[in-house]
1. Which residue pairs have Cβ atoms closer than 7 Å, lie 6 or more positions apart in sequence or on different chains, and pair a first residue in the stretch 338-355 that is under 13 Å from Phe418 (Cα atoms) with a second residue that is small (Gly, Ala, Ser) and in a loop (DSSP other than H, G, I, E, B)?
2. State yes or no: is Thr254 open to solvent by 20 Å² or more (accessible area, probe 1.4 Å) and either touching a residue at least 40 places away in the same chain (Cβ under 8 Å) or charged (D, E, K, R) (or both)?
3. Tell me, which residue of the stretch 36-51 that is outside any helix (DSSP H, G or I) and modelled with pLDDT of 95 or more is farthest from Tyr132 (Cα to Cα)?
4. Scan the stretch 210-233 and give yes if some residue there is among the polar types (S, T, N, Q) and open to solvent by 10 Å² or more (accessible area, probe 1.4 Å), otherwise no.
5. In the stretch 356-391, which residues are in contact (Cβ under 8 Å) with a residue 40 or more places away in the chain, part of a loop (DSSP other than H, G, I, E, B) and either open to solvent by 50 Å² or more (accessible area, probe 1.4 Å) or among the charged types (D, E, K, R) (or both)?
6. Restricting attention to the stretch 222-271, and to residues there that are of a type in the set (D, E, K, R) and in a strand (DSSP E or B), which single residue is farthest from Val202 (Cα to Cα)?
7. With the requirement that a residue be of a type in the set (Val, Ile, Thr) and outside any loop (DSSP other than H, G, I, E, B), what does the stretch 202-221 give you?
8. Considering only residues that are more than 18 Å from Ser319 (Cα to Cα) and assigned to a helix (DSSP H, G or I), which ones fall in the stretch 99-112?
Amino acid sequence: MMTDLAIIGGGPAGYVAAERAGAKGLSVTLFEKNNLGGVCLNEGCVPTKTLLYSAKVYDYARHGDKYGVTTEGAAFDYGKIVARKNKVVRKLVAGIGASMKAHGVNVVKGEARITGRKEDGTLTIACNGEAYEAKNLLLCTGSEAFVPPIPGVPEAGDVIVTNREILALKERPQSIVIIGGGVIGMEFASFYNSLGTEVTVVEMLPEILGGLDGEVSVMLREVYAKRGIQFRLSCKVTEVRGNEVIYVDAEGNTASVTGEKILMSVGRRAVTANLGLETIGVETVRGAVKTDAQLRTNVPNVFAAGDINGFSMLAHTASREGEVVVNNLTGTPDEMRYDAVPGVVYTNPEVAGVGLTEEQAEKSGKRYAVAKLPMAFSGRFVAENEGANGLCKVIYDPEKRTVLGVHMLGNPCSEMIFGASMAITQGMTIAELQRVIFPHPTVSEIFKETLFTIH
């Protein structure tokens with residue numbers, strides 16, 4: 001079976017690439033061993049955001065009196081929250097399947113493996129005992145949770161959970177220790193904190209959300225500290241004994257904390273095992289497939305998009321990478337702009353950022369300046385976020401007067417950050433952005449108001 005494009009992995013990189021390629025007239029075969037949608041739809045982005053929205057609704061119900069609305073006896077049903085999450089996932093997986101059919105994509109359910117490359121460049125793939133041939137191959141096998149070799153972890157059994165197992169819990173744990181204060185860790189900390197679980201976050205770095213803007217990270221941590229989450233920063237976990245996590249702090253003191261469950265959320269690693277990369281000599285770096293800005297590997301006509309290349313383990317990065325591959329295959333020159341990839345933390349309040357953080361700008365040695373305003377300068381924000389504050393922070397080049405980075409804390413910044421991403425992608429000047437008409441009243445106006453503090 002010869003196909004123009006074979007894709008291994010049906011996550012955000014794979015299924016988006018398949019849609020775009022099918023729409024442009026390429027014959028496409030998509031291999032997926034589990035469910036379409038990949039980790040993002042089945043074990044990550046969508047299910048966690050569904051859970052977080054239920055928690056947010058519960059927060060609003062409990063604290064509605066701030067808005068003049070009293071809801072007596074507000075309660076949640078954990079089983080129904082999980083059931084709704086499962087329903088949402090099933091619906092969206094079915095939608096992807098329908099899209100594949102509509103775009104003429106041949107979906108093969110099974111574990112595919114690269115078997116070789118012929119003299120004419122044709123790539124060969126095996127799946128379910130069948131042989132397939134492709135002119136081009138896109139690798140999109142994603143990533144998996146990394147569980148470090150901490151003594152006692154294997155013996156702890158089902159006390160230890162990753163993002164996969166925690167989504168399958170039937171009951172809310174009374175207490176949880178989260179090892180890792182990154183995006184995944186903080187989102188689950190937010191969810192369980194809203195539902196009344198005792199939450200402790202143990203983070204090896206001096207601050208949560210490493211890699212995000214430091215000022216915003218501190219502000220979010222302070223919000224959740226007031227809500228009862230315990231943070232153990234600059235603490236390295238050295239051992240797990242059943243439900244007990246032992247760690248060493250920055251001063252070298254040993255301490256411990258216990259939880260009904262222990263969530264491992266210290267990072268993810270590319271899935272490359274049993275893929276057959278060695279059969280055609282695909283180069284890897286630190287376990288991830290090496291690619292360039294066009295997502296090309298060192299092997300002609302072989303590409304890698306999504307978490308497998310290790311650039312940016314975000315679903316929207318993966319989707320855009322898939323589009324870049326298809327555009328180049330169909331005659332439209334394209335490349336990735338990793339400096340314009342937005343990131344979001346779906347806590348309550350949300351965090352969103354794109355481009356350089358202030359710490360990164362300072363480290364780079366570039367000339368930069370900072371403009372910032374509290375979110376309370378937005379009338380819509382004040383109307384909808386009683387008693388809350390937030391921040392809009394713009395990092396810019398004072399000479400070229402272009403935006404280098406934008407970082408926000410406050411709802412709903414996840415829906416606003418794309419505008420900053422567009423500004424960076426297009427190289428828009430501050431003057432050009434100041435001429436853009438923003439609808440009023442919206443929280444998004446805070447971006448324009450911050451820009452107008454720049455003279």
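The values are calculated or read from the model by the stated rules, or taken from the named source; none is laboratory data. Note that the coordinates shown come from a computational prediction; the quantities given were computed from them, not determined experimentally. FYI the Cβ positions are ideal-geometry reconstructions off the backbone, even for glycines, and counts take in every protein chain you see. Note: accessible area is taken over every heavy atom of the protein model, side chains too, but ligands, DNA and RNA are not part of it. Shrake-Rupley method; radii C 1.70, N 1.55, O 1.52, S 1.80 Å.
1. Qualifying pairs under 7 Å: Val341/Ser312.
2. It is false that Thr254 is open to solvent by 20 Å² or more (accessible area, probe 1.4 Å) and either touching a residue at least 40 places away in the same chain (Cβ under 8 Å) or charged (D, E, K, R) (or both).
3. Going residue by residue through the stretch 36-51, those that are outside any helix (DSSP H, G or I) are 36-37, 44.
With the extra rule that they be modelled with pLDDT of 95 or more, the set shrinks to 36-37.
On the way: Leu36: 20, Gly37: 22 Å.
Top of the filtered list is Gly37.
4. Initially, the stretch 210-233 is screened for residues among the polar types (S, T, N, Q), giving 217, 230.
Imposing the further condition that a residue be open to solvent by 10 Å² or more (accessible area, probe 1.4 Å) reduces the set to 230.
Yes: the stretch 210-233 contains one or more residues that are among the polar types (S, T, N, Q) and open to solvent by 10 Å² or more (accessible area, probe 1.4 Å).
5. Of the stretch 356-391, the ones in contact (Cβ under 8 Å) with a residue 40 or more places away in the chain are 356-361, 369, 371-373, 375, 377-381, 383-384, 386-387, 390-391.
Filter once more, keeping what is part of a loop (DSSP other than H, G, I, E, B): 356-357, 378, 386-387, 390.
Result: Glu386, Gly387.
6. Residues of the stretch 222-271 that are of a type in the set (D, E, K, R), as a first pass: 222, 226-227, 232, 236, 239, 241, 244, 249, 251, 260-261, 268-269.
Still in the running and in a strand (DSSP E or B): 232, 236, 239, 241, 244, 261, 268-269.
On the way: Arg232: 5, Lys236: 8, Glu239: 13, Arg241: 15, Glu244: 12, Lys261: 13, Arg268: 17, Arg269: 20 Å.
Checking each candidate, the answer is Arg269.
7. Of the residues in the stretch 202-221, the ones of a type in the set (Val, Ile, Thr) are 202, 208, 216, 218.
Residues satisfying the conditions are Val202, Val216, Val218.
8. Lys101, Ala102
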